[in-house]
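A short worksheet on the structure shown next.
Derivation of every value follows stated rules applied to the coordinates shown; laboratory data play no part. As the structure is a computational prediction, the values presented were derived from the model and not from experiment. Neighbour counts run over all protein chains shown; Cβ positions are idealised from the backbone, glycine included.
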Amino acid sequence: MSTTMERGYAIDELRACVISRDFVDGERVFLGANVNIGRAAVLLAHRLRGPNMKIMLGLSWTNMVDERSVGLHPDSTDFRDARWAECYVNLDTMINSYRFFSTTFVISALQVDRFGNSNLIGLGDSHKTPRLRGPGAIGSVSSTAYCDRFYITPPRHVKEIFVERCDFISSVGWHQGGATARTDLGLPGGGPRFCVTPLCVFDFEDETKAMRLRSVHPGHTVDEVIENTGFEVIVPDEVPETEPPRPEELELLRKSIDTRGLLREGR
Amino acid sequence: MSVAAGFRADVLATPAEIVAEIKPGATVGIGGLMNTCHPMPLVRELIRQGIGDLHVVGLASGLEVDMLIAAGLVQRVSTPTVSAETIQAIAPAFRRAAQAGEIEVWECDEGMIYAALQAAAQRVSFAPWPVGMGASYPEVNDGMELIESPYTGRPVIAIRAIPVDFAFIHCARSDPFGNIQVNGGGFGDRAMARAARRVFATVDRLVGNHEIRRDPQSTAIPGVDAVVHAPYGSHPFASPGHYIHDEAHLREYLAAGNALLRDNDRGPVEAYFDRWVRGPESHFDYLEAVGIAQVCGLDEGLHYHDLALVPGEAE
């Protein structure tokens with residue numbers, strides 16, 4: 001596996017760029033807790049092609065397209081990041097708000113299955129005595145349910161995370177599969193769009209809504225993905241290489257958005 | 001306090017006076033969010049007085065709830081997380097106690113906890129929440145039944161109300177009469193206060209009533225039951241508009257909590273409590289133990305541009 005030095009970019013920088021390129025101008029987006037890839041992706045899109053995006057940063061709504069150097073703080077509650085506030089966020093009213101919910105969301109996961117159901121609750125057979133107590137969902141159940149689409153970014157691509165069946169499910173993806181899975185359950189929102197791993201990008205096949213290989217990151221192979229995934233992956237005949245970070249993306253990330261280098265540290 | 005007839009009575013109190021009201025088994029809500037804005041003089045007083053069997057309610061709890069768990073005072077937690085966010089995603093005593101089955105965890109996300117608090121505020125037994133179907137929540141929890149809407153027949157989750165006996169919050173300022181003002185959005189503290197029978201606040205600044213009247217639009221809660229004058233009262237956590245979190249201190253607690261998690265060694269946690277909780281007799285003694293230069297060095301204005309690159313320094 002090539003290193004950050006050899007490639008010229010960290011894998012989490014690439015992951016932020018992939019998600020960022022899927023955003024469009026005019027979106028309003030919550031930056032969730034403890035998902036640095038998502039925070040970087042949103043700000044990158046805002047600065048490169050989204051002058052009319054609204055960002056929830058530091059528990060405030062803001063537009064910071066004219067800010068040269070953001071110097072994002074790691075914690076979602078950091079009030080220093082509210083210095084661009086156009087409106088402070090009162091969380092209980094924001095969650096109960098049809099008009100002002102996030103259009104999209106980025107989450108991490110302890111486990112994820114082939115239909116994009118994911119787990120932040122814990123590992124093990126029993127919720128009363130889990131083998132690993134997870135962090136809990138924070139706002140991710142509601143955020144991933146209400147938004148138009150969401151992205152899953154597990155920390156590693158290994159069989160222990162990409163599992164046949166999650167021990168618990170916090171965010172529902174396409175449940176047991178099929179294009180009507182979410183509406184059948186009564187869920188609002190549009191479901192998972194991509195799962196962006198350290199090896200590849202998955203999307204979800206239209207009919208079954210099972211994970212399908214969309215692209216493999218430079219330096220990695222289809223076989224590597226299959227070997228490290230605990231369920232059967234849909235592999236199209238042609239699998240392109242993921243486009244690496246463009247120079248303007250990397251420059252903006254490092255000089256303005258991720259000045260502390262959290263993505264390069266894999267945090 | 002004693003008040004002459006005809007004068008408005010203030011609601012100032014000490015942490016000891018407030019915590020004397022809390023009985024074992026009470027439901028105590030603690031405001032703030034992860035590394036920010038927790039009423040620490042009240043949390044430390046709970047540990048000092050050893051009020052146990054608590055049902056602790058949080059809005060996305062930080063290490064303040066972990067300390068209560070480490071002190072053995074918690075029977076049940078209802079909160080979307082117990083986390084030091086980017087410093088350590090899963091709080092150590094919470095993780096240990098949950099894995100050992102020593103605490104009950106009511107599994108929820110922020111939408112669900114606000115639904116439970118809203119139901120309590122409305123004095124009804126549940127609130128509907130249209131999210132969580134297909135996930136584990138109805139299965140692993142009591143108090144989350146799947147029902148059909150009487151109007152559309154569509155499924156929703158009926159989230160049982162969580163009536164809060166006592167809400168503890170930390171805020172920017174208050175007058176002596178408990179008119180609470182916040183800097184920023186105030187997290188979900190208003191929702192916690194609406195669901196509670198009694199609301200107690202620690203405040204960074206105690207101001208005159210005239211200062212509240214100058215800006216009544218900033219008043220978030222129009223009268224809590226008691227106010228504790230507590231400058232730097234959220235330390236080691238941040239308080240918006242006043243100071244940032246004390247990361248070194250949080251890491252000192254985490255090192256102690258991680259020894260409990262990994263080695264089942266209570267020594268470091270007890271040493272932390274002896275030094276920072278049981279040792280100082282008052283909040284001001286606590287601040288003296290932290291040190292005036294250390295605590296004032298956390299003032300937000302000193303740290304606004306910590307992470308912005310100076311032009312020309314970029315690689």
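What is the log10 of I(q)/I(0) for the protein assembly as shown, computed with the Debye formula using one identical point scatterer on each Cα and no solvent, at q = 0.08 Å⁻¹?
Evaluating at q = 0.08 Å⁻¹ gives log10 I(q)/I(0) of -0.53.
For a quick check: sort A:102, B:282, B:136, B:174 by the number of other beta carbons within 10 angstrom, fewest at the front.
So the ranking, lowest neighbour count to highest, is B:282, B:136, A:102, B:174.
With label points built 7 Å along Cα→Cβ from the Cα atoms of residue B:124 and residue A:205, find their separation and express it in nm.
4.4 nm
Based on alpha-carbon positions alone, could you give the equivalent ellipsoid semi-axes of chain A from the gyration tensor, as √(5λ), descending, whole Å?
27, 23, 17
Give the calculated FRET efficiency between residue B:271 and residue B:251 to the nearest 0.05, with a Förster radius of 22 Å applied to their Cβ-Cβ distance.
Efficiency, rounded to the nearest 0.05: 0.90.
Let me confirm one metric for peptide B:184-192, namely the mean number of other chain beta-carbon atoms within 10 Å of its residues' beta-carbons. Please report the intermediate quantities before stating the final value.
Working: counts 10, 15, 6, 6, 6, 3, 4, 6, 1.
Taking all residues of B:184-192 together, the mean is 6.
Taking the Cα centre as origin and putting +1 on Lys and Arg beta-carbons and -1 on Asp and Glu beta-carbons, what dipole magnitude results for the protein assembly as shown, to the nearest 20 debye?
Result for the protein assembly as shown is approximately 1060 debye, rounded to the nearest 20.
Dividing the convex hull volume of the Cα atoms of chain B by its residue count, what figure in Å³ per residue is obtained?
Residue-normalised Cα hull volume stands at 187 Å³.
Take B:273, A:168 and order them by how many other Cβ atoms sit within 10 Å, fewest up front.
B:273, A:168
What distance in nm separates the two pseudo spin-label positions at residue A:248 and residue B:142, each 7 Å out from Cα along the beta-carbon direction?
5.9 nm
By average Cβ neighbour count within 10 Å, what is the ranking of B:113-122, A:36-45 from highest down?
A:36-45, B:113-122
Rank these for me by crowding, A:201, B:156, going from fewest to most other beta carbons within 10 Å.
Exposure proxy ranking, most exposed first: B:156, A:201.
Please give the calculated 222 nm ellipticity per residue for chain B, where each DSSP H segment of at least 4 residues contributes -39500 (n - 2.57) and the sum is spread over every residue; nearest 500 deg cm²/dmol? It would help to have the intermediate numbers written out before the result.
Working: 12 runs with 97 residues, N = 315.
Computed ellipticity for chain B at 222 nm equals -8500 deg cm²/dmol.
Using the basic label-point model (7 angstrom from Cα toward the beta carbon), what is the residue A:84 to residue B:23 distance in nanometres?
That separation, rounded to one decimal, is 5.2 nm.
Straight-line reach from residue A:159: which lysines have Cα under 26 Å away, leaving out those fewer than 8 places along the same chain?
Those lysines meeting the cut-off are A:128, A:209.
Note down the Stokes-Einstein diffusion coefficient of region A:104-242 in µm²/s, whole number, using a Kirkwood radius over alpha carbon pairs, 25 °C, and 0.890 mPa s.
Details: Rh = 15.0 Å.
For the chosen part, D equals 163 µm²/s.
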